[in-house]
Every structure is written in C-alpha cells, then in structure tokens.
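Here the structure comes first, spelled out in structure tokens, and everything after it is commentary.
The values are calculated or read from the model by the stated rules, or taken from the named source; none is laboratory data. The structure displayed is predicted, hence computed values, not measured ones. Surface accessibility is based on the protein's heavy atoms, side chains included, excluding ligands, DNA and RNA. Shrake-Rupley method; radii C 1.70, N 1.55, O 1.52, S 1.80 Å.
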Amino acid sequence: MRHTDVREALQRPDVRHPDVRHPDVRDATPRANVVLGDLRMRPYGVADRDRLRRMSTVLSPQSLYTRFFAGTPQIPEMYVRALHALDHWNHDALVAMIDDEMVGIAEYVRDRADPERAEIAVLIADHWQRHGVASCLIRYLARLAERRGITEFSADVMLGNAAALAAIRAGWPAARPQRDGGAARFRLPLPQPGSGRGERSRDHEGIELVLELLGSQSR
C-alpha cells in the first residue's frame, strides 16, 4: 500500500477512528543519560504490531497529522496492517527502539510504474525529534534500498514539518523541492551525498551487519 493510499483513505468522511489507549506504555522520553548511540535500529518485524500501536502514545496530534496528512487520534490501523504485510523488497521498514518501545520508523514503498524509484516516509516520537533519529534511519534505509536496485527516493513533506525538512536537508543538502499545495515534494537521488563507507561510524556497525544479512536473504 502506497503512503498516498493511506492518506487518501484517512481523508474520507466515513472513516472512523476508534479510541485506542495503551496505559501500560513505558516512558519513551529521552533521559539525560540516553544518547542516539543507545537506540537499537533494526528491520520491522512481524511481532512489532503492538509496539507500533503503542507508539501512538508518544505522538502528538500534530506529529500524526504531518505524517498522514489527515487528522487521526492514533496511528491508523490500515497502516499497521500494511506494515504487517511488507515483503522486505518492494516495501520495507526500519525501526528505532529504546528498551522494548518503538520511537521511530522509516519505510520505503517501491513505485510500481517505475521500479527504480520509491516513496519514503518517517515517523518519530515527539521527544526524539531533532535528536538525529530520522536522519539515521533514512541513511540506513537508503543503503538497503540501493542494494535492491532503487536509485531515487521521493518524499512528500508538509511545509510545517520542520523536523522532516531538516532530516532531508541533512541527507541531501542540495535537494530543492517542488511545491504542491501545503506540501514540499522532493526527489532524492541514491546513493546519498557523502555516503562512502569510509565515513561510517563504528557506533553503527551492528545495524550495518543486520542490513547486510537481511539484504543477502532478499530475492
């Protein structure tokens, strides 16, 4: 399911949003002694549905609106179902974890009409925004997509989504968007500028190993 499919479905007047609460969710707010290197980043798995649902408790209405381009009180169930069905080739996602809670997710969906292009989207818990989580997830997602023959990402970002715009500027400093109403549409070539292996940090060797193993098992 494309990101635009989810957005269009949410904008239909007949769509209802059940009140889903998760009072047992643990605090995912960054603590003074927690840094980006303490986050665990890995592929989204079949056991992550409830973690994704619980992530709604650390997202503001504004964060949900700028991600899904529609008002929704929590992460939409149709989005949860779409991620549960991802195939780790045409549709894949990486998550950022702190303890056992999800605080970030980045995904790509390959363009059926142009298989060398894919649309990306990122969702980060409010208190982890502007901590480099989005940039890190996008960087590893881009390397994974490259190995699968994707040469360009596209991204639609609401103009008020400063955190997402900053993450794109960090990865593609020369990117210039096209305006589409209240959104900015980016075309982002792969590989990312300055993404040579010599610049990769030792702090992320673990996630690189995970991605290499996952990529070697793909079709």
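Here are the numbers for the structure shown:
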{"quantity": "Accessible-area value, Thr66, 1.4 Å probe, nucleic acids and ligands omitted, Å²", "calculated": "20 Å²"}
{"quantity": "Computed lengthening from Arg40 to Ala113, 0.36 nm per intervening residue step minus Cα-Cα distance", "calculated": "22.9 nm"}
{"quantity": "His131 accessible area, assembled protein chains, probe 1.4 Å, Å²", "calculated": "90 Å²"}
{"quantity": "5 angstrom amide H check on Ser154, placed H, neighbours 5+ away", "calculated": "Ala118, Glu119, Ile120, Leu188"}
{"quantity": "For Glu77, solvent-accessible area (1.4 Å; no DNA, RNA or ligand), Å²", "calculated": "80 Å²"}
{"quantity": "Fraction of alpha-carbon pairs over 24 Å apart in the range 106-204 - percent", "calculated": "18 percent"}
